[in-house]
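Quick notes on the structure that follows.
The values are calculated or read from the model by the stated rules, or taken from the named source; none is laboratory data. Predicted, not measured: the structure shown is a model, and the values here were computed from it. No Cβ is skipped: glycine too gets one built from the backbone with ideal geometry, and neighbour counts run over all protein chains shown.
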Amino acid sequence: MASITAPVLQELLSVCTHLKKLSLEHCPLNDQICHYIAENKNLEVINMSMCEGITVNGLMPICNNCTRLESLNIAWTGIHRHSVVYLSLCLPQSLEKLNISGCRENITDEEILQLVKRCYRLRELDLSDSTVITCNSIRYLTQYLNRLEYIALSRCYRIAPTTIPELQNILSLNVVDVFGMLRNTALQQLRQAISVDVNKYPFSSIARPTTGVRRTSIWGVPVRDNIL
């Protein structure tokens, strides 16, 4: 995470138009910064997790211009409900990886339905801490996301644990993370009931440039340890 002010970040991004990957984790944003981000029409990856200052007016140019976007992390940004509704309807259809966790009560089954219908190419999706989505969202996932390999539903407390095995109807699915949802006995029963890994990744890697303890690459490009 960088320590940078919004005016400095705004000035920096004002001269960038050819970025392909951008990580702004925990940085202060505003609508003008988001407009400058959107000028990079070839962006493939954006990490805005834990950023403050994101509004629907800032999201609109990004969704409209960044039509090649493959990976987006907008987790724990405190975006309002109308921003979540907009994203569910207007996210780039090119998306393959999305982390929209931490929306709590601002995302409902209806937004999940619109999201999966629009972004049907998704291979990784993190919906953790979406506290009002229900079993209906499980059914939407299985109906529309036939390429899904990873799903995180940690602390989605209104989803009945008995419906989680339905996810194995997605033949491409490899991992289901449901941290905080089940006691140990129920967790073991789930692992026995489905043929995918359960609770494998406690932290999301979506759109993040480095992951793990030994960070030897940046977005998959190898680097020497002492550079990091």
Take residue 83 and tell me if it is of a type in the set (Ser, Thr, Tyr) and over 14 Å from the mean Cα position of the chain (by Cα). yes
Listed by first then second residue, the pairs whose first member lies in the stretch 84-110 and is within 23 Å of residue 43 (Cβ to Cβ), whose partner is modelled with pLDDT of 95 or more and of a type in the set (Val, Ile, Thr), with beta carbons under 6 Å and at least 6 positions apart or on separate chains, are 84/107; 86/56; 92/67; 100/74; 103/84
Would you say residue 122 is within 23 Å of residue 95 (Cα to Cα), outside any loop (DSSP other than H, G, I, E, B) and either in contact with a strand residue (DSSP E or B) (Cβ under 8 Å, 6 or more places away or on another chain) or of a type in the set (D, E, K, R) (or both)? no
What residue, among those in the stretch 24-41 that are surrounded by fewer than 20 Cβ atoms within 10 Å (Cβ to Cβ) and under 17 Å from the mean Cα position of the chain (by Cα), is nearest to residue 218 (Cα to Cα)? 25
Out of all the residues in the stretch 120-172, which are among the aromatic types (Phe, Trp, Tyr) and free of Cβ contacts under 8 Å to residues at least 40 places away in the same chain? 120, 140, 144, 157
Among the residues of the stretch 165-207, how many are within 22 Å of residue 71 (Cα to Cα) and part of a strand (DSSP E or B)? 3
Would you be able to say whether some residue in the stretch 86-93 is more than 17 Å from the chain's Cα centre (by Cα), of a type outside the set (Lys, Arg) and surrounded by fewer than 21 Cβ atoms within 10 Å (Cβ to Cβ)? no
Report whether or not residue 162 is among the hydroxyl-bearing types (Ser, Thr, Tyr), over 13 Å from the mean Cα position of the chain (by Cα), at pLDDT below 95 and over 19 Å from residue 75 (Cα atoms). yes
Given the conditions (1) in a helix (DSSP H, G or I); (2) touching a Pro at 6+ places or on another chain (Cβ under 9 Å), report the number of the one that residue 67 does not fulfil. (1)
